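Remarks on the structure that follows.
Throughout, read-outs are computed from the coordinates displayed, never taken from laboratory work. This one's a predicted model, so the numbers in the text were calculated from it and none came from an experiment. Virtual Cβ from ideal backbone geometry, glycine too; neighbours counted across all protein chains shown.
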Amino acid sequence: MSSHNPHDLSRRDFLKVVGSFVGSVMGLGLGLPLVSYFVSPALEVQGGDKWIPAGPLENYPIGQPTLFTFTLTKKHGWEKTSQSYGVYIIRHSDTDITVFSNVCTHLACRVRWHDDQEQFICPCHDAHFAESGEVLSGPAPRPLDQYEYKIEDGTLYIHLVEG
Amino acid sequence: MTDKPSRMQALYAWLDERLGLSTIYKVVLDRKVPKVNWWYTLGSATLFLFTMQVITGIFLTVYYVPTPDHAYDSVNYIMQDVSFGWLVRGIHHWGASFMVLFVFLHMLRVFYMGAYKYPRELTWVIGVLLFVLTLGMGFTGYLLPWNQRAYWATTVGTQIAGTPPIIGPWITRILRGGEEISALTLSRFFSLHIWMIPALMALLIAVHLYLVIRIGISNPPSKDE
């Protein structure tokens with residue numbers, strides 16, 4: 001190295017600085033887009049809300065939790081996927097109805113109504129819910145979720161909100 | 001600088017003692033090289049391109065699906081819907097062409113400078129294998145978008161591979177995974193493209209670089225020689 005002035009930048013140090021600068025710019029230039037590339041579909045908001053017709057009210061005997069299932073088709077990336085939903089409908093009277101989601105509030109398995117025990121039971125971790133949706137035992141942190149509903153011309157509609 | 005080493009220096013010294021970092025640095029980056037010119041950067045340029053192909057290729061597999069019913073749509077999805085999908089696929093697409101070009105130029109430089117001679121014959125032989133594998137990457141990658149061009153290019157390519165007498169038809173069959181180009185062709189080309197050939201290339205590149213560092217690079221030939 002020929003330079004004697006300690007303030008002079010040596011060729012080696014100059015290249016180190018330039019090299020790491022250019023390297024960082026290129027690394028960020030590709031790295032940040034790659035993060036966005038990986039994450040972007042996950043941040044896409046799909047959904048909104050829909051009123052799902054659940055058939056005439058007479059389909060649901062008074063006092064008996066009845067499973068109603070429906071499927072919705074959604075676009076996921078390059079493919080349309082149908083997603084199935086299940087709700088338990090309990091008709092108390094002609095105007096008073098409860099619509100429970102069958103998704104367990106613990107870890108999202110599907111609960112099932114057991115007539116003999118008069119409980120909703122989740123098969124995954126044995127969470128028990130009462131007919132009112134209250135947690136009776138097991139690991140569930142909160143009661144079963146409920147859907148809004150409306151009745152028009154004797155037909156029951158369920159308000160599905162997503163996203 | 002103070003007499004007492006800072007925490008970072010202490011950490012570096014601790015790691016260095018165990019990993020030999022400064023030795024690696026000295027051997028790899030501070031090694032002696034003859035006075036050379038820009039043509040001698042083609043190998044590094046190729047290594048850079050290979051690294052870019054690996055990174056972008058890995059990310060393309062996040063969305064790409066190697067089946068006839070989804071391959072084309074998944075590529076479209078990458079290009080139109082995924083953020084920066086065009087960039088990732090664009091780099092992979094152009095990087096592929098540049099890689100063939102740079103490997104070839106690197107080979108020409110070594111050839112014209114006589115750098116393949118003793119004691120660097122093995123470096124050369126491995127380099128030639130890497131060149132062939134690079135072409136293999138180009139050939140197998142070309143089918144993956146599963147569009148008309150890809151389909152017919154592979155039809156022609158596998159047909160050409162079948163021209164040798166006796167074993168020719170077998171080669172075509174093995175490449176296609178059957179009589180004609182099908183889902184089996186696509187999935188085996190995918191496997192070759194993302195696993196088999198790259199793994200082999202990484203191994204050979206490691207040996208290639210080891211030899212370059214061990215033997216050092218040759219002087220440009222002078223008039224007196």
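As a footprinting exposure proxy, order B:201, B:8 by other Cβ within 10 Å, with the fewest listed first.
Details: B:201 20, B:8 8.
Taking fewest neighbouring Cβ atoms as first place, the list is B:8, B:201.
Ranking A:125, B:93, A:7, B:193 by Cβ neighbours within 10 Å, fewest first, what do you get? Working shown, then result.
Numbers: A:125 12, B:93 15, A:7 5, B:193 22.
Least to most surrounded, the residues fall as A:7, A:125, B:93, B:193.
Starting from the Cα-Cα distance between residue B:171 and residue B:112, subtract it from 0.36 nm times their residue separation and give me the gain in nm to one decimal.
Full extension of this stretch gives 17.8 nm more.
Sequence neighbours fewer than 8 away in the same chain don't count; with that in mind, list the aspartates and glutamates whose C-alpha is under 14 Å from residue B:26.
B:16
Tell me, what does the Kirkwood hydrodynamic radius of chain A come to in angstroms if you use every pair of distinct C-alpha atoms?
It is 20.4 Å.
Here are some pairs, B:4/B:35; A:16/B:4; B:4/B:32; A:16/B:117; which of them have Cα atoms lying more than 28 Å apart in this structure?
On the way: B:4/B:35 40 Å; A:16/B:4 26 Å; B:4/B:32 33 Å; A:16/B:117 33 Å.
Check vs 28 Å cut-off fails for B:4/B:35; B:4/B:32; A:16/B:117.
At what distance in nm do the modelled label points of residue A:35 and residue A:8 sit from each other, each positioned 7 Å from its Cα along Cα→Cβ?
4.2 nm
For the range B:6-67, count the residues as N, evaluate 2.2 N^0.38 Å, and divide the Cα radius of gyration by that value, please.
Rounded to two decimals, the normalised Rg is 1.78.
Report Rg(Cα)/(2.2 N^0.38 Å) for the range B:1-139, keeping two decimals.
Rounded to two decimals, the normalised Rg is 1.48.
What's the percent breakdown of Cα-Cα distances in the protein assembly as shown across 20 Å bins, shortest bin first?
Pair shares across the bins are 18, 34, 28, 17, 3, 0.
May I ask you to work out the translational diffusion coefficient for the range A:1-44 at 4 °C, viscosity 1.567 mPa s, via Stokes-Einstein with Rh from the Kirkwood sum over Cα pairs, reported in whole µm²/s?
98 µm²/s
Put +1 on the Cβ of every Lys and Arg and -1 on every Asp and Glu Cβ in chain B; which of B:193, B:70, B:210 then has its Cα farthest towards the positive end of the dipole?
B:210
Diagonalise the Cα gyration tensor of the range B:36-215 and give the resulting equivalent ellipsoid semi-axes, square root of 5 times each eigenvalue, largest first, whole Å.
In descending order the semi-axes read 31, 22, 13 Å.
Considering the dipole of the range B:36-215 built from charges on the beta carbon (Lys and Arg +1, Asp and Glu -1) around the Cα centre, which of B:175, B:85, B:146 is farthest to its positive end?
Most positive-ward Cα: B:175.
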